[in-house]
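Student: Structure below; questions to follow.
The values are calculated or read from the model by the stated rules, or taken from the named source; none is laboratory data. Just so you know, these numbers come straight off a predicted model, no measurement behind them. For neighbour counting, all protein chains shown are included, and Cβ atoms are generated from backbone atoms with ideal geometry for every residue, glycine included. Each accessible area value is taken on the protein alone, full model and side chains, heavy atoms only, with ligands, DNA and RNA left out. Shrake-Rupley method; radii C 1.70, N 1.55, O 1.52, S 1.80 Å.
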Amino acid sequence: MACKFADSRFLCLGPTQRPIRSQRIVTHSSPASICHLKWDSLLLKGINNKKGGLIPVKRTNAIQAVAVPVTPASADSAEYRKELAERYGFRQIGEPLPDNVTLKDVIDTLPKEVFEINDVKAWTSVLTSVTSYALGIFMISKAPWYLLPLAWAWTGTAVTGFFVIGHDCAHKSFSKNKLLEDIVGTLAFLPLIYPYEPWRFKHDRHHAKTNMLEADTAWHPVWEEEFQSSPRLRKAIMFGYGPFRPWMSIGHWLIWHFDLKNFRPNEVERVKISLACVFAFMAIGWPLIIYKTGIIGWIKYWLMPWLGYHFWMSTFTMVHHTAPHIPFKSAKEWNAAQAQLNGTVHCDYPRWIEILCHDINVHIPHHVSSRIPSYNLRAAHKSIQENWGPYLNEATWNWRLMKTIMTICHVYNKEKNYIGFDEIAPEEASPITFLKRVMPDYA
């Protein structure tokens, strides 16, 4: 901004008289951000006429006062991404991946050994999960009431390892024997009451259409039309995407996996087999638990660890693909490499969680290629960091990250990616304002 003081020639009268002309200030913008102060009479020379005579004024040259330009950081600049990372709780927000990079380009940079299936490592992961889960059940049986939450947290995390084993089986990265994979996957999912084949079919579409509007079968932003459709639904959505979001996978589990209408005709038979296995487990396993331990025992030994599993299922899912700067795109705009590499988040957790959950949090390489076994994800991620590091979104789990997702990432908006519920319906958004008030903001 530059300022010019024009027409500044004074007629200076005696001490008892006022000037008959005053300064006129004109402002205009200057692209160079240099402030020009042009005074026709910056230096006044002459005699001090005490009798009221005119004081002659001499015109002088312009003087430039140079100020440091303050330019807002560009949306594509490293400085801007650093500001966003700090604001959202990220360690790094990746720069945009060029449009001409393909997913094959990224896969081709990975070492071949990360795709290799190792039976010893695969069965070691099974042993880890079975042992840690058994330890959790033992802890629940022995813990006094005030230590039960810790025992449930351990057991819920351990049983999440069963899900990851089934997850590898569904991606055909557990064993070279495909029948064995289907058997192990089905058994691993049974304690979670998850039908293996329905989940596998839906999850394959999530990988094929990650962060694609209307096509991704994992979570996606709320449509504003849906949000505004009825007051009762609006309130339910607010609670679901707000305070109950760490358990929202329960709703996803119910809606997506038990209705045969959700599946293609060639998938239905396998879906029925999986559903039969789950219902058999419920019909036999639950009564046995209740018979041995009572309803309270069923709550202690099954329900509470199951809720712990869904906490991790929900948390991993939303952290992996949800952030204010990560867009969901229409099929016409969608780019596979950008969605899988640039639109997936790597998040570090306490190491014991990563061990029990078989590194499912190392998620970028899993989306680059789902054929990478869980025990090779770290080596693959290291390779991706070396070759594509500037494009990665990375975080260490923290409260600010969770607060950002749970209080901002709600309704789809093409320009902003997300609009918060409290921005659309502030008078009804008490669940969100509550979260903003009580959730810690530590990063």
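Student: So which pairs qualify, if the first residue must be in the stretch 347-363 and under 18 Å from VAL126 (Cβ atoms), the second must be small (Gly, Ala, Ser), the Cβ gap must be under 6 Å, and the two must be at least 6 apart or on different chains?
Tutor: Final answer for the pair search is LEU356/SER132; LEU356/ALA158; LEU356/GLY161; CYS357/GLY161; HIS358/SER125; HIS358/GLY161; HIS358/SER374; ASP359/SER374.
Student: Does the stretch 242-251 contain any residue that is part of a helix (DSSP H, G or I), surrounded by 19 or more Cβ atoms within 10 Å (Cβ to Cβ), touching a residue at least 40 places away in the same chain (Cβ under 8 Å) and out of contact with any Leu (no Cβ under 6 Å at 6 or more places or on another chain)?
Tutor: Yes; the residues of the stretch 242-251 include at least one that is part of a helix (DSSP H, G or I), surrounded by 19 or more Cβ atoms within 10 Å (Cβ to Cβ), touching a residue at least 40 places away in the same chain (Cβ under 8 Å) and out of contact with any Leu (no Cβ under 6 Å at 6 or more places or on another chain).
Student: Follow-up. Among the numbered criteria (1) touching a helix residue (DSSP H, G or I) at 6+ places or on another chain (Cβ under 8 Å); (2) free of Cβ contacts under 8 Å to residues at least 60 places away in the same chain; (3) under 18 Å from GLU116 (Cα atoms), which single criterion is violated by TYR375?
Tutor: Failed condition: (2).
Student: OK, next. Take MET313 and decide whether it is open to solvent by less than 60 Å² (accessible area, probe 1.4 Å) and at pLDDT 95 or above.
Tutor: yes
Student: Pairs only if they're at least six apart or on different chains, beta carbon under 9 angstrom, first in the stretch 70-88 and in a helix (DSSP H, G or I), second modelled with pLDDT under 95 and open to solvent by 100 Å² or more (accessible area, probe 1.4 Å); list them, first residue then second.
Tutor: Pairs found: TYR80/PRO72.
Student: If you go through the stretch 296-333 one residue at a time, how many are within 19 Å of ARG245 (Cβ to Cβ), more than 19 Å from the chain's Cα centre (by Cα) and of a type in the set (Gly, Ala, Ser)?
Tutor: Adding up the residues that qualify gives 1.
Student: Is at least one residue of the stretch 386-393 touching a His at 6+ places or on another chain (Cβ under 8 Å) and buried (at least 21 other Cβ atoms within 10 Å of the Cβ)? Can you show your working first?
Tutor: So in the stretch 386-393, the residues touching a His at 6+ places or on another chain (Cβ under 8 Å) come out as 392-393.
If we keep only those that are buried (at least 21 other Cβ atoms within 10 Å of the Cβ) as well, we get 392-393.
Checking the stretch 386-393: at least one residue is touching a His at 6+ places or on another chain (Cβ under 8 Å) and buried (at least 21 other Cβ atoms within 10 Å of the Cβ).
Student: Taking the stretch 101-122 on its own, how many of its residues are assigned to a loop (DSSP other than H, G, I, E, B) and either modelled with pLDDT under 95 or more than 12 Å from GLN338 (Cβ to Cβ) (or both)?
Tutor: Residues that pass the stated criteria total 6.
Student: To continue, here is another question. Go through the stretch 385-396 and count every residue that is in contact (Cβ under 8 Å) with a residue 60 or more places away in the chain and over 22 Å from GLY161 (Cα atoms).
Tutor: 7
Student: For GLY136, indicate whether it is crowded, with 20+ Cβ neighbours inside 10 Å, touching a Phe, Trp or Tyr at 6+ places or on another chain (Cβ under 7 Å) and farther than 20 Å from PRO373 by Cβ. Don't jump to the end; show me each part of the working.
Tutor: Values: crowded, with 20+ Cβ neighbours inside 10 Å: yes; touching a Phe, Trp or Tyr at 6+ places or on another chain (Cβ under 7 Å): yes; farther than 20 Å from PRO373 by Cβ: yes.
Taking the combined requirement at face value, the residue satisfies it.
Student: Filter the stretch 394-415 down to residues that are farther than 19 Å from GLY242 by Cα and open to solvent by 30 Å² or more (accessible area, probe 1.4 Å), then give me how many there are.
Tutor: Residues of the stretch 394-415 farther than 19 Å from GLY242 by Cα: 394-396, 414-415.
Filter once more, keeping what is open to solvent by 30 Å² or more (accessible area, probe 1.4 Å): 396, 414-415.
Selection size over the stretch 394-415: 3.
Student: Conditions: (1) under 30 Å from GLN228 (Cα atoms); (2) more than 14 Å from the chain's Cα centre (by Cα); (3) crowded, with 18+ Cβ neighbours inside 10 Å. ALA380 meets all but one. Number of the miss?
Tutor: So the condition that ALA380 fails would be (1).
Student: Scanning for something under 18 Å from CYS409 (Cα atoms) and open to solvent by less than 80 Å² (accessible area, probe 1.4 Å), does the stretch 252-268 turn up at least one residue?
Tutor: Just the residues of the stretch 252-268 that are under 18 Å from CYS409 (Cα atoms), to begin with: 252.
From what is left, the residues that are open to solvent by less than 80 Å² (accessible area, probe 1.4 Å) are 252.
Checked against the condition, which is being under 18 Å from CYS409 (Cα atoms) and open to solvent by less than 80 Å² (accessible area, probe 1.4 Å), the stretch 252-268 yields at least one hit.
Student: Then there is this: What residue, of HIS257, HIS220, is at pLDDT below 95 and in contact with a strand residue (DSSP E or B) (Cβ under 8 Å, 6 or more places away or on another chain)?
Tutor: The match here is HIS220.
Per-residue answers, yes or no, for (1) of a type in the set (A, V, I, L, M); (2) surrounded by fewer than 24 Cβ atoms within 10 Å (Cβ to Cβ):
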| site | (1), (2) |
| --- | --- |
| VAL164 | yes, yes |
| ASP168 | no, no |
| SER175 | no, yes |
| ASP182 | no, yes |
| LEU192 | yes, yes |
| PRO198 | no, no |
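Student: Find the residue count for the stretch 377-420, including only residues that are in a strand (DSSP E or B) and among the polar types (S, T, N, Q).
Tutor: Of the residues in that region, 4 qualify.
Student: Could you pull out the residue among ILE284, ILE289 that is out of contact with any Lys or Arg (no Cβ under 8 Å at 6 or more places or on another chain) and open to solvent by less than 50 Å² (accessible area, probe 1.4 Å)? Quick ask: steps written out before the conclusion?
Tutor: Numbers: ILE284 fails: open to solvent by less than 50 Å² (accessible area, probe 1.4 Å).
The match here is ILE289.
Student: Pick from LYS403, LYS382, LYS414: which is basic (Lys, Arg) and in contact (Cβ under 8 Å) with a residue 24 or more places away in the chain?
Tutor: LYS403
Student: Would you pick out the residues in the stretch 365-394 that are within 25 Å of VAL159 (Cβ to Cβ) and among the aliphatic types (A, V, I, L, M)?
Tutor: Within the stretch 365-394, ILE372, LEU377 qualify.
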